[in-house]
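What follows is a set of notes on a single structure, which appears directly below.
The values are calculated or read from the model by the stated rules, or taken from the named source; none is laboratory data. These figures come from a predicted structure and were not determined experimentally. Glycine also receives a Cβ, built like all others from the backbone with ideal geometry; neighbour counts cover every protein chain displayed. SASA here: full protein model, heavy atoms, side chains in, ligands and nucleic acids out. Shrake-Rupley method; radii C 1.70, N 1.55, O 1.52, S 1.80 Å.
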Amino acid sequence: MKQKAPLIDALLGLIAMAGLIALYAPLVAVAALSFFQILRVRGVMGFAPFSLEPYVALIANGEILAALATSLIVAVVASLASLVLALMFAFYFVSARRGFGLMMQVMVFLPFLLPPIITGLSLLIAFREIEFSRGLATIIVGHIVFIVPVVYRTVLVRLQLLGGSLTEASLDLGASQAQTLIHVILPQMRPALISGVLLAFAISFDETLITLFVAGSETTLPIRLWAMMRVGFVPEINALATLILVFTAVITVAIGLLQRSPAGHAS
Amino acid sequence: MRVQPLLHLENISKRYGSVRVLDGIDITVADNEFLTILGPSGSGKTTILRIIGGFEGIDGGRLMFEGRDLASVPINRRPFNTVFQDYALFHHMNVAENVGYGLKVRGRPKAEIAAKVADVLETVGLGALGARYPAQLSGGQRQRVALARAIICEPRLILLDEPLSALDVELRAQMQRFLKSLQRRLGIAFVFITHDQEEAIALSDRIIVVHRGRIEQEGAPEQLYRRPRTPFTAAFLGENNLIPGTLTSAEGAVCQVETAAGRLQATVDGPVPSPGSPVLLAVRPEHITLTANPAPGALLAEVAEIRFLGANILIELRHPALPDTLLKVRRLADGGTTGLRIGQSLAIGWAAADAALLAAS
């Protein structure tokens, strides 16, 4: 029933295109530059031929590898811990009385909505006050505070969709609460659990601002990248940025695919 | 009835906040019985079922199973199973896994589960569908899976929460026959919830009519149909013509009622109200006789509408003294009433035994 307005359509298309280019051109440039380095020969700019040299240098860089390892450990531990916490919060929310549930809703969400710099600063002060030395553990705690809301949201939506009658049916058939959780609730929530963890993983892997405050001697990959930029630009940075880009894109696509079939089966 | 019923709800009351949803509910369920709790939506019938199943607590009264108080028995320890209105099948399990779930959580050996699942699936007529997932089944098939899942643990009682309401008319009739025959074969008590009075009459050994959280009346379907005791039962179970009046005298069960249309006769079931009290006279449309040549003193009414309904003809008549009441009369379509016309004056009557006397509320 839509009326044809070719001029407006074309204009909208153009604006969208410009937006996409503005968003993605720098990313493409970084990826391209990681393979084709810029050369300056006697003041004249030019491109070097295709090379994987920055990637090789990256792999040889022990500090970067150590930062990558830290990032992976933090992301895995933080996202799994967040999943457990988020599940507990969600179960509490669906069974709690309205007032308590609402209060918890706000409390879980606040750290995500607060400026990360405030969250980071508060955590830093708190850790100092209780004399908890900064390190891997404090980074993980910082990330959990920030990503629990995201996982909680994903998990809660699915849990509310499930409704109470499956739980009741399971109990009615003689199952205990634990059996109901293991055989009925968690399997039905599997897509939400996986996409929640992936989302948490992606956010944790990229998190910079809070980490800046709570990190000790171990640094994560984004912090390392930040530090490298301050010292001076090296080609490895392009390679590293490209790798992170690809990695995040893969996770995003995976989440998208999971959310397209929310129940696993049509229900 | 046995001295000790299988299940006894004693004076149960239930509140949601300040709203009283059940009040003084007293129900017994006998072994092997097909008991239907019938009521309109919001009557509290589903709450009664959920209390038996253990999904809801009670605010007063007792729930006794074979003389044992069930108050402290949680859902998963009650010897009942439920067929839910939305079936509540586990969508990540196939049919066989759904049906075998009750045995699996009880830790029975795999071979025993497989054998019983095959057996029960055969019973409900789904023998070949064990490997299918619920999403691959029709509504009627899902219904049977829900039934199979409920009967596999051999409960003493099955609770059915409007299980046929999601099915289309034809499938519903088929499932009604199936449910009835299944209940006879298994020999376990069914407590069936419905708002559909025809369904209740067709299936039940006994019906309990619930209205606004109270029991209106209970009895065998025929008894309820022929001898409703309250205006609600009279109007909810099938069609009834209700004529208000005052009781003047009674001889045994046959009462004389003074109405705006004159003195009419009705039969009372149970205690006779005291003379002078307001009553309602209930006559089924199929029990009213029509005569074209009235005897002197007959009750005359004018034909207001004639509706052809296939097998039946419904004739609506108006009596000048009862301006608010259209009297409905039902006739078989081949019963020779085709000569009727609108505006015609006819004598109406009924046997005293066919008119029920109700206390007006």
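Farthest towards the positive end of the charge dipole of chain B, among the residues B:N76, B:V105, B:V210, is the Cα of B:V105, using unit charges on the Cβ of Lys, Arg, Asp and Glu. When chains B and A come together, the accessible area they lose, probed at 1.4 Å and totalled over both chains, is close to 2000 Å².
With the solvent-accessible surface defined on protein heavy atoms using a 1.4 Å probe, which residues belonging to the range B:94-108 display a reduction of at least 50 Å² in accessible area in the multichain context relative to the isolated chain? Going by heavy-atom accessible area, the residues of the range B:94-108 that drop by at least 50 Å² are B:Y101, B:V105. For the range A:111-127, the Karplus equation 6.51 cos²θ - 1.76 cosθ + 1.60, evaluated at θ = phi - 60°, returns couplings of x, 6, 8, 4, x, x, 5, 5, 4, x, 5, 4, 4, 4, 4, 4, 4 Hz by residue, with Gly and Pro reported as x. Output the 0 to 90 degree angle, nearest 10, between the alpha-carbon long axis of helix B:110-123 and the longest principal axis computed from the alpha carbons of chain B. Value to nearest ten degrees: 20. With bins 10 Å wide beginning at 0, the percent of Cα pairs of the range B:7-226 falling in each bin runs 8, 33, 36, 19, 4, 0.
The local environment of B:V21, defined by Cβ-Cβ distances under 13 Å, has a net charge of +4 under the rule Lys, Arg +1 and Asp, Glu -1.
Taking amide H atoms as placed 1.01 Å from N in the peptide plane, the amide H of B:A189 lies under 5 Å from those of B:N32, B:E33, B:I158, each 5 or more residues away in sequence or on another chain.
In this Cβ point-charge picture (+1 for Lys and Arg, -1 for Asp and Glu), the protein assembly as shown has a dipole of about 840 debye about its Cα centre. For the range B:28-110, the fraction of C-alpha pairs farther apart than 20 angstrom is 48 percent. The helix-only estimate of mean residue ellipticity at 222 nm for chain A, built from DSSP H runs of length n ≥ 4 each weighted as -39500 (n - 2.57), is -26000 deg cm²/dmol after division by the residue total.
Remark on B:L89: its backbone amide H falls under 5 Å from none of the residues 5 or more positions apart or on other chains, H modelled at 1.01 Å from N. The C-alpha atoms of chain B define a longest principal axis, and helix B:139-151 lies at about 70 degrees to it.
Remark on the range A:136-174: accessible area falls by at least 20 square angstrom from chain-alone to full-complex state for A:S165, A:L166, A:E168, A:A169, A:L171, A:D172, A:L173, A:G174, probe 1.4 angstrom.
For chain A, the fraction of 1.4 Å probe accessible surface lying on carbon and sulfur atoms is 74 percent.
Per residue, the range B:89-221 exposes 41 Å² of accessible surface when a 1.4 Å probe is rolled over the protein heavy atoms with every protein chain present. When the convex hull of its Cα atoms is viewed from all sides, the protein assembly as shown shows a mean projected area of 46.6 nm².
Around the amide H of B:A333, modelled in the peptide plane, lie the amide H atoms of B:N312, B:I313, all under 5 Å away and 5 or more residues distant in sequence or on another chain.
Taking every DSSP helix (H) stretch of at least 4 residues in chain B, weighting each as -39,500 (n - 2.57) and dividing the sum by the residue count yields a mean residue ellipticity at 222 nm of -7000 deg cm²/dmol.
In terms of the Cα gyration tensor, with a ≥ b ≥ c the square roots of its eigenvalues, is the range A:77-118 rounded because a/c is under 1.5, prolate because a/b exceeds b/c, or oblate? Taking the square roots of the gyration eigenvalues as a ≥ b ≥ c, the range A:77-118 is oblate. With all protein chains kept in place, the per residue accessible area of the range A:4-47 amounts to 85 square angstrom at a probe of 1.4 angstrom. Normalised by 2.2 N^0.38 Å, with N the number of residues, the alpha-carbon radius of gyration of chain A equals 1.27. Taking θ as phi - 60° and the Karplus parameters 6.51, -1.76 and 1.60, the scalar couplings of the range B:61-68 work out to x, 9, 10, 10, 10, 6, x, 9 Hz in sequence order, x denoting glycine and proline. Karplus-derived 3J(HN,Hα) values for the range B:37-42, using 6.51 cos²θ - 1.76 cosθ + 1.60 with θ = phi - 60°, are 9, 10, x, x, 5, x Hz; glycine and proline are entered as x. Between the Cα long axis of helix B:95-104 and the first principal axis of chain B there is an angle of about 70°, rounded to the nearest 10. Roughly to the nearest percent, how much of the accessible area of the range B:83-224 is carbon and sulfur, given a 1.4 Å probe? Taking all protein chains in place, the range B:83-224 shows 47 percent carbon and sulfur surface.
Shape class for the range B:195-311: oblate, because the ratio a/c of the largest to smallest gyration tensor axis (alpha-carbon atoms, square roots of eigenvalues) is 1.5 or more and b/c is at least a/b. Structural size metrics of the range A:11-88, computed from C-alpha coordinates, are Rg and Dmax of 20.1, 63 Å. Residue-normalised convex hull volume from the C-alpha trace of the range A:4-47: 92 Å³ per residue.
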